[in-house]
Structures are given as C-alpha cells and as structure tokens.
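Below is one structure, written out as structure tokens, with a few remarks after it.
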2 protein chains.
Amino acid sequence: MKASLIAIDWGTSNLRASLLDAHGGLLEARSAPGGVMAVPDRRFAEALLALCGDWIDAHAVPLIASGMIGSRQGWQEAPYVACPAGLPAAAAQLVRVEVRPGAVLHIVPGIRCIGIDGVHDVMRGEETQLWGAGLAAGDCCVLPGTHSKWAWLGEEGKVERFETFMTGEFYGLLTKHGILGRLMAFGTARPETFDAGVRLGLAQHGNALHVVFAARTAGLMGDIDPEGLPDYLSGILIGLEIASATARHPQRSVTLLGDDDLCSRYETALGIAGVDTRRASDGATTRGQWRVALQAGLAKYMA
Amino acid sequence: MKASLIAIDWGTSNLRASLLDAHGGLLEARSAPGGVMAVPDRRFAEALLALCGDWIDAHAVPLIASGMIGSRQGWQEAPYVACPAGLPAAAAQLVRVEVRPGAVLHIVPGIRCIGIDGVHDVMRGEETQLWGAGLAAGDCCVLPGTHSKWAWLGEEGKVERFETFMTGEFYGLLTKHGILGRLMAFGTARPETFDAGVRLGLAQHGNALHVVFAARTAGLMGDIDPEGLPDYLSGILIGLEIASATARHPQRSVTLLGDDDLCSRYETALGIAGVDTRRASDGATTRGQWRVALQAGLAKYMA
C-alpha cells in the first residue's frame, strides 16, 4: 500500500521512525539510539537521514515529529501551546525544519499549564500520545517514565491540565549516583518488597525527603537484602507519586499509557492505593502523530 | 600545657584531628581530605598516622574517633546504640582498633531509632556533636547537611528520637547529575529566589516529586534566570524538609548545629516557616568526643 507519512518519535534517548499508509496504518518501523542528547554536534538532519533517508527518497511523503526534538536542546524549539490544549491548536503551530532540500520535518509543539501550586508545568511528546490514545472527557491518564505525567482530559480531546513527577529520574539518580545504591544488588524482581515500598510511600507522601532513606536503613539493618532494595525504593517513589497526585485530585480510575513493565508496576501500586486501572491501546504515539498530520493537512486519509 | 587526648572526626569526605589539653581545650588542629571513602584500599591506619603520627609519638595519649569511620565502609563497624541514646551507653560500647602497636583508636558507635513511620533511622557522628552541644531536655536540634538530621533531646542528654532528611544529597544529585542542573549557572547567591523556593517547598511538602520540577520550568519559562535556579532548588528542598518535620512534630524553636553557610540558609528558611532559631556554640564535635572519652575513662579531667 502507498505510504503517506513518516512519523517520528524523537525523545531524549531514542529515535523511532514509522512509515504509515494512507489509513495511518504501520507499513514499517525503525529505531536508533540517537536520542536528542546523543546526537553529536546537533547534526539532527544527518541522524534522521541515516535512519530513514531511503523512505524520503522512495516515497516523498511529509514528515512529522514529536518529543524532545522540539525542545531548546533539540533541533529547533517549538513554543508550547497553553492548556486547555487541543490537537487543532498544536497542528496550527507546527515548526518546520529542512531535513534536506525538498524535505521538511514538522515538529509538534509541547504543551504547558499552571498547576494548583501556581507553578508552570510542561510536557513534550506525551501530548501527542494523549491525542492518539482515544481518551474520553474527564479521563485521567498516567504516563509513567523518567518524568511521569498525570493528565486530565477535557471536552474535544483537550488536555485540561497535567502534572509532572520526577519519579523515574529520582530512581535513576539515587541508584546510580547516590548513597542508596551502594547497598543494592540489581537484576532480581522482588514483588513483595515493591509492595512494602508502595505502602510506605503512600502513607508518608508528606515526608518524601525522609522516607527514601528507608531504602538505606532497611539495608543496613538487614530488614531487606541487597536484591530487594531496588524494588523497595521503586515502590516508595511510585507510592509517593500516587499519593501526591490522588490527595489533591481524588481518582477512582486512571488509564495507563507507556512502557509495559513500568505500566505493570503502576498497575500494582495503583491497585494498592485503591485506584482502578485500564491500559491504553498500543500505538498511541503514531496514532497521535497521524491525527496531528491530518489536522494540519499534511496527510490525507484515503477511504 | 600537657596533651591528654587526640580527638578525631572522620567522616565520608573529611578527616580532622584535634589535640586536646587536660581540660578538653584545643592545643592544635589538623585536617586532611582523606575521608572514609577517599582512603585507598582501606589503609586507615596509614592515613591516620600520616596526619598525626607525630602527636602519638610525642604525647602517647588515647585516641577517640566519631563519624563514618565506624560504619561498614569504615575501619571497623561499631554497632548502633538504640534510642533513647545517652553518652554513657555509647562510652560503654566503644570499638577498639589498633593504629600501631601500643596505640589504640576508640570508635564511638552511631545511634538508631524507629520513626513514627515504623522505619529504622540511623546517624553516625552527629550523636557525638549532640552530646557536646550543651542542649537541654526537650530541645530540638537541626544538623543540616548531606543527610540533614532533626534530633529531639530527652532527660540526661539522651537523644530521644531523630529523623534523617536526604536534602543535601538530593540537591547534589539533581544539580550534578540530573536534568535540573542543565539550565543552571552556579556561583551567584540569590537570596530572593531562595526565599521563593522555601515558600513553595513549605506549601507543597505533600508533593515533593512534583514540586522540584519547578526548578526546571521556572528556567524554561524565563521566570528565573540561570544564576537564580540553584538557590531556588535549594530553597524548595529545605522548605520541603522543614515542612515535613514540623508538620509531624510542631516546633516553636530549634538549635542549629553545623556548617555556618548552611546554618544561615536554614535560619532564613526556618524564619519563613515561623520557627525561632539559635546557634549551638562552636566546637560541639570535639567537646562531645572529650565527654565520651571522660565517661569511658580514657581521658581524665585535670582541675
């Protein structure tokens, strides 16, 4: 079938390209480790052409990208759309960069909002996934990750508001560079220590800078063995996140969107917190990119 | 005046030795960067002899040490004394290691307690400072640092209970290894952004994993310039710590003990939180070591 769009998911650490047919269906997918932070000397055009220059040659179709590629550290900054943020507003504000003469990449802007704490919040990439996830007005969607996002959907698929939690980054920093990691052994899943961590984090979310120290003292005191400590810390942090989010925005159910293993962790933790979960269907990123491209008139749906 | 004790403060990153007279007064002080983590191949005796072997030769007085040197990563593990933890219990439980034939180092044990969250907490080194700080029953003493400690004193100078906050470690990890540091410029003090951070941390202590992200968005949105971001983050973290501690243990005043610059930050932040502060007098570490040595019969007070 004829190709109609190259959809690119370009984040901090990964670069993924999908060749889509005239119904937005996947013809072929490729990926490379060339995330925004890994591209030497900002040679983004080169990185992209290395991955899918042959698609551009063969199909001459439009290109669209979402993710950190539109950040200040990326190819070209795509200014944020303010919440409530809908797909039409984003489609009207795509940023164009030339990949090579005759081939233009359209970068989807990120979105921003001001939280109930009066502070700015931002996302880049997740907004496109949200628009592709088939969510309903009133839904709350949780996207676990380095910077975990909780997003609340409004009418017409708009993102009403959202909140970022640095859960995944904290886990990485504490285990890789911090004192907590020194007692840990990695590689073995320990569901029971994960659960214990979740319960502690949920109960002590007003006390985050203290309670993570439990992942050291539990090791020092021999309460948890080195293999159990990584899951204990993971549980504490995810518990803190869930309690923080739900204390201010009570939730009976949420939709999980993202990496399978991480979604399983959140499923377990949310279950302990008494929150029902469902999973978003696969392919939300590409479907969101397809929808933005359609809205912008870049791609045309062929019936 | 005749020397009577060599008192050694041996932490994670520093090694300090004080030669004390027969009244516990300071005759001479030396320090080296050879903290517990910096001593190659655990050659602790060598490091100590390099710093003050001549004192041992000249005076043949007892040696006492407190701090991380008594941890599992240190010279020899000194098991923790349980709270309520008094100086006599610690003095009865000194761990002896031979520096060289005829010279023994006495390591002060750390202390442990179980918090109201049901989780173990530990300190090593700060307990000796607390015993040397001249605190009264009922006092709350805050020792800011990598692992900030809040300690509550009971009768007879016992430490009733305490709580650790990983405030300093979080600041270091986030600025050195995390995404927040990327927008920051270091070196310029910005008291007004520090205050703004403190207010945010105090108000949002139930939401720690989210609110630290403000130190990124405030930079992205141009609300705070790169020079102001380190103090903003520092303020947020200290505000989180103070609100967490005082929400569960309301405090009208605290005694600050530690590094001058850090104590000034906490003074400001505690003032914003409505908590009065006083500073412990200098020399608490050495005075605590002297008191433990007296109690253990290692040193004799000469009137």
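The values are calculated or read from the model by the stated rules, or taken from the named source; none is laboratory data. The structure displayed is predicted, hence computed values, not measured ones. Here the Cβ positions follow ideal geometry from the backbone for every residue, glycine too, while neighbour counts run over all protein chains shown. Please note that ligands, DNA and RNA were not included when accessible areas were found on the heavy atoms of the full protein model with its side chains. Shrake-Rupley method; radii C 1.70, N 1.55, O 1.52, S 1.80 Å.
For the reader, a short list of remarks on this structure follows.
- Condition broken by A:C113, with the remaining ones in (1) out of contact with any His (no Cβ under 9 Å at 6 or more places or on another chain); (2) more than 22 Å from A:W290 (Cβ to Cβ) satisfied: (1)
- Flag: B:T255 does not match the condition of being in the same structural domain as B:Q129 (by TED's automatic domain parsing) and either touching an Asp or Glu at 6+ places or on another chain (Cβ under 9 Å) or under 19 Å from B:E192 (Cβ atoms) (or both).
For (1) open to solvent by 20 Å² or more (accessible area, probe 1.4 Å); (2) within 14 Å of another protein chain (Cβ to nearest Cβ), each residue gets a yes or a no:
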{"site": "B:I114", "(1), (2)": "yes, yes"}
{"site": "B:H120", "(1), (2)": "yes, yes"}
{"site": "B:M123", "(1), (2)": "no, yes"}
{"site": "B:A136", "(1), (2)": "yes, no"}
{"site": "B:G157", "(1), (2)": "yes, no"}
{"site": "B:F165", "(1), (2)": "no, yes"}
{"site": "B:G178", "(1), (2)": "no, yes"}
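- Number of residues in the range B:238-258 that are crowded, with 24+ Cβ neighbours inside 10 Å and within 7 Å of chain A (Cβ to nearest Cβ) equals 3.
- Cβ-Cβ distances below 7 Å connect the following pairs, each with a first residue in the range B:49-72 that is within 12 Å of B:L105 (Cβ to Cβ), a second residue that is open to solvent by 70 Å² or more (accessible area, probe 1.4 Å) and assigned to a loop (DSSP other than H, G, I, E, B), and a separation of six or more residues or different chains: B:G70/B:E77.
- In the range B:264-272 there is no residue matching the filter, namely being within 12 Å of chain A (Cβ to nearest Cβ), hydrophobic (A, V, I, L, M, F, W, C), on the phi < 0 side of the Ramachandran plot and surrounded by 22 or more Cβ atoms within 10 Å (Cβ to Cβ).
- The range B:149-171 residues that are in a strand (DSSP E or B), paired with ones that are of a type in the set (S, T, N, Q) (beta carbon under 6 Å, 6 or more apart): B:K149/B:T164; B:F165/B:S148
- Candidates A:G118, A:G125, filtered to the one that is among the small types (G, A, S) and without any contact (Cβ under 8 Å) to a residue 24 or more places away in the chain: A:G118
- Selection within the range A:33-48 - surrounded by 14 or more Cβ atoms within 10 Å (Cβ to Cβ) and among the aliphatic types (A, V, I, L, M): A:V36, A:V39, A:A45, A:A47, A:L48
- Filtering the range B:49-103 to residues that are within 14 Å of chain A (Cβ to nearest Cβ), open to solvent by less than 70 Å² (accessible area, probe 1.4 Å) and not hydrophobic (A, V, I, L, M, F, W, C) leaves B:G70, B:S71, B:Q73, B:G74, B:Y80.
- Answer residue from the range A:199-219, given it is touching a Lys or Arg at 6+ places or on another chain (Cβ under 9 Å) and more than 7 Å from every other protein chain (Cβ to nearest Cβ) and is surrounded by the fewest Cβ atoms within 10 Å (Cβ to Cβ) among those: A:G219
- Residue list for the range A:59-78, restricted to those being at positive phi and under 16 Å from the mean Cα position of the chain (by Cα): A:G67
- Hey, A:D9 acidic (D, E), in the same structural domain as A:M123 (by TED's automatic domain parsing) and within 26 Å of A:E156 (Cα to Cα) or not: yes
- Residues of the range B:105-123 satisfying the condition of being over 14 Å from B:F165 (Cα atoms) and modelled with pLDDT of 95 or more: B:L105, B:H106, B:I107, B:V108, B:P109, B:G110, B:I111, B:R112, B:C113, B:I114
- Neighbours by Cβ (under 8 Å, 6+ apart or cross-chain): first from the range B:238-265, without any contact (Cβ under 8 Å) to a residue 40 or more places away in the chain; second crowded, with 17+ Cβ neighbours inside 10 Å: B:T246/B:A273; B:T246/B:V275; B:R252/B:V275
- Taking the conditions (1) away from chain B (no Cβ under 14 Å); (2) under 30 Å from B:M166 (Cα atoms); (3) at pLDDT 95 or above in turn, A:L174 satisfies each one other than (1).
- Of the residues making up the range B:125-134, those that are in a loop (DSSP other than H, G, I, E, B) and open to solvent by less than 40 Å² (accessible area, probe 1.4 Å) are B:G125, B:A133.
- Checking A:A151 against (1) among the small types (G, A, S); (2) closer than 28 Å to A:L5 by Cβ; (3) open to solvent by 10 Å² or more (accessible area, probe 1.4 Å), the condition it does not meet: (3)
- When A:R96 is tested against (1) farther than 20 Å from A:A284 by Cβ; (2) touching a helix residue (DSSP H, G or I) at 6+ places or on another chain (Cβ under 8 Å); (3) assigned to a strand (DSSP E or B), just one condition goes unmet, and that condition is (2).
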